[in-house]
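Inspection log for the structure reproduced underneath, given as structure tokens.
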Amino acid sequence: MKYFKLIALFIRATVQVQLEYRSGTFGRAFANVLSSATTLLLLWAMFQQVSSIGGWSFDQVLVLIGIVTTIDYVVEIWLYPSLSKITTYVQRGEFDVLLVKPVPSQFLVTFRYLQVLDVLGLLVGLGIIGTGMYRTGSLEFINFALLAVFLVAGLVIIYSLYLALSTLAFWFTRIEEVASMIWLHSTAGSFPVAAYPPWARLLFTFVLPVAFVTNVPAEAATGRLSWEWGLGGLAFATLALCGATWLWSLAIRNYSSASS
Amino acid sequence: MSAIIQLDHLCKDYEVHQKEPGLMGSLRSFVRRKYQLVPAVKDVSFEIEQGEIVGFLGPNGAGKTTTLKVLSGLLYPTSGHARVLGFTPHERKADFLKSITMVMGQKQQLAWDMTPSDSFLVNQAIYDVSDADFRRRLGELTEMLELQPVLNKPVRKLSLGERMKCELAGALLHGPKILFLDEPTIGLDVNMQQAVRRFVADYNVRTGAAVMLTSHYMADVEALAERVLVIDGGQLVFDGNLSALVAERAPNKVLKLQLAHPVSPERLSVFAPVRMMEGLTAELLAPRGKVAEIASRILNDVPVADIAIEDMPIEEVVGRLFQRKPPIEAVREAAK
Ligand SMILES: Nc1ncnc2c1ncn2[C@@H]1O[C@H](COP(=O)(O)OP(=O)(O)OP(=O)(O)O)[C@@H](O)[C@H]1O
Ligand SMILES: [Mg+2]
């Protein structure tokens, strides 16, 4: 309850600033449409030559693109604004202020900047997913439910990766270079992982888990998800979240023993 | 057990990493960590009772902030124990954090992007303050600190003094039992310093909260604290009454003379050592017990237009304390 109230207050503050600076809103949604359109065009051109990529049809890849677009957008309006501040807190020594609060610091850094005003852009991604699902004839309740579950799991994985990377700011000062890795899922994840050579498949599944973040939800939405991949995705998300949380608490302990 | 803060032989060393330049360098030093230990606090013990206001003095780098950070749970002690309100601070239990507050004059606690009112609402939620308590305390704080005009301006548009007052209000909305104030008046003008002092004194009287305050402005300490702790080079060099400190460390009073005609310093030094002489003003150091006698002899002998007897300024008394370090036990005895 208290946590919902806090999130609401954080959202309100973030929205007020967004309104004051009139940052983005439509510009950002438009950029989102544009980048998705480019990817789609590219994809369409490729499918003029072949009928499937890694066993995925055009319409199935369409769902994949929709998912990448959606996740990208969530990262952009939530995870990036919130988690990228960690570096600043640490560099300015402002972490003390968070640590004396009787609320977990991980909660405070996670939900601090939620730019819900830009939520319109999400419709682009969701629209593409819907179109793809319609064209593959998979508009069924069970598919929507599974899609929701694995989209959340994918977001949890991205969140955990990004939190872990930002947590490294406690040890490295110039973390920005590392943190730009966060966008990899949208470059590498826009294609079916099955289309890559085996070594890259391994890499994209376990090291940079684009398979779990984008491929699995797309399969879920089109009713093609095998239970191995489903369980694997959920397990990976749980592990990633636990790992990132553990790393965070380690960093806090380390900070408190004051190594700077 | 009546002391609400107990610090027992606290030592705190900072581990400073030897970092190599560049990303690869950071990676290397991440794998093979090289530490240097910087001792910041060495074997400090004291107790503070409910309702006390204690001034915490010491030169830059003495270890004041470090001590306060250990007491508020931000840092683990390297050795020794801290006990605050029955809690071990560094465990950072929610109940502990809800009963203390830390104000750091050098650090911003209110969010830049919110108005003070919004920040206060966030604090209300964070500290689980009931609506009734929140309204009552906010009302009181707004009145005492005259916050009304600034409550709804974004924090980034406030002046330093306005911001500090809001910081104080935000830090007290949850009704803490202990206030750790680290240089709360830094950078404020004299009026604002006084306002903050008055407020802290008032808050202490009204709520019975204990206050631990560091400041480089001696006026803060004189106005607020009966008891002072003096720390230097990480060691406690004095713990006692401010007036005892003055009596102990400043056996002399200052005799200020305004002369009617120029007089040579030699002629004055017959009566007592001359501390300062500039044109027609002179200052002599007279032992407490003999001040009256010396003053009357001077008045008989020298053309004096005006005379005043004053205590040594506390700055100077404390400043002297920093220069030599007698063993703490001896000073404690003397203070009692
Ligand atoms: N994070 C840190 N890492 C390493 N050394 C530190 C750190 N913080 C403080 N120190 C060192 O510890 C010593 C005590 O610092 P501290 O901040 O406690 O002093 P202070 O009494 O508050 O001084 P000031 O009056 O300047 O605020 C100093 O020598 C300082 O350089
Ligand atoms: Mg300090």
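The values are calculated or read from the model by the stated rules, or taken from the named source; none is laboratory data. Worth saying up front: this structure is predicted, and the values here are computed from it rather than measured. Here Cβ is always computed from backbone atoms with ideal geometry, including for glycine, and neighbour counts include all displayed protein chains. Remember, those area values only see protein heavy atoms, side chains included, never the ligands or the DNA or RNA. Shrake-Rupley method; radii C 1.70, N 1.55, O 1.52, S 1.80 Å.
Tabulated results
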| item | result |
| --- | --- |
| Among beta bridges that DSSP assigns inside the protein assembly as shown, antiparallel share in %, nearest 5 | 70 |
| Candidates A:Val61, A:Val50, A:Val213, ranked by Gaussian network fluctuation over chain A, Cα under 10 Å, top entry | A:Val50 |
| Rounded to 5, the percent of DSSP beta bridges in chain B classed as antiparallel | 70 |
| Size descriptor, Kirkwood hydrodynamic radius, that averages inverse alpha-carbon separations across the range A:1-82, Å | 15.3 |
| Max mean-square fluctuation residue, GNM over chain A, Cα-Cα springs under 10 Å, options A:Ser36, A:Ser160, A:Ser57 | A:Ser57 |
| Accessible heavy-atom area order of A:Phe150, B:Phe87, A:Phe4, highest first, probe of 1.4 Å | A:Phe4, B:Phe87, A:Phe150 |
| Separation between Cα centres of the range B:249-298 and the range A:112-163, rounded to whole Å | 85 |
| Integer Hz, Karplus 6.51/-1.76/1.60 couplings in order for the range B:174-180, x for Gly and Pro | 8, x, x, 8, 9, 10, 9 |
| Distance violations [Cα-Cα > 28 Å] among B:Lys64/B:Lys256; A:Lys85/B:Lys177; A:Lys2/B:Lys12; A:Lys85/B:Lys157; B:Lys107/B:Lys177 | B:Lys64/B:Lys256; A:Lys85/B:Lys177; A:Lys2/B:Lys12 |
| Kirkwood hydrodynamic radius (C-alpha pairs) into Stokes-Einstein, chain B, 10 °C and 1.306 mPa s, D in µm²/s | 70 |
| Calculated from backbone phi, Karplus (6.51, -1.76, 1.60) coupling profile of the range A:160-166 in Hz, x at Gly/Pro | 5, 4, 5, 4, 4, 4, 5 |
| For B:Val103, distant residues with modelled amide H under 5 Å away | B:Phe180, B:Leu181, B:Asp182 |
| Heavy atoms of B:Met277 accessible to a 1.4 Å probe, total area in Å² rounded to 10 | 60 |
| Calculated from backbone phi, Karplus (6.51, -1.76, 1.60) coupling profile of the range A:44-52 in Hz, x at Gly/Pro | 4, 4, 5, 6, 6, 8, 10, 9, 8 |
| Antiparallel DSSP beta bridges within the range B:173-244, as percent of all bridges there, nearest 5 | 55 |
| Span from the the range A:57-75 Cα centroid across to the the range A:95-109 one, whole angstrom | 35 |
| A:Tyr113 long-range amide H proximity, modeled H, under 5 Å | A:Ser82 |
| Loop-located GluC sites (Glu not before Pro) in the range B:26-107, at most 15 other Cβ atoms within 10 Å (DSSP) | none |
| Average Cα contact separation per residue, chain B, under 8 Å, 6 or more apart, as relative contact order % | 18 |
| Chain B: most fluctuating residue of B:Met276, B:Met114, B:Met102 per GNM, C-alpha cutoff 10 Å | B:Met276 |
| Over the range B:1-160, relative contact order from alpha-carbon pairs under 8 Å, at least 6 apart, % | 22 |
| 5 angstrom amide H check on B:Val237, placed H, neighbours 5+ away | B:Val230, B:Ile231, B:Asp232 |
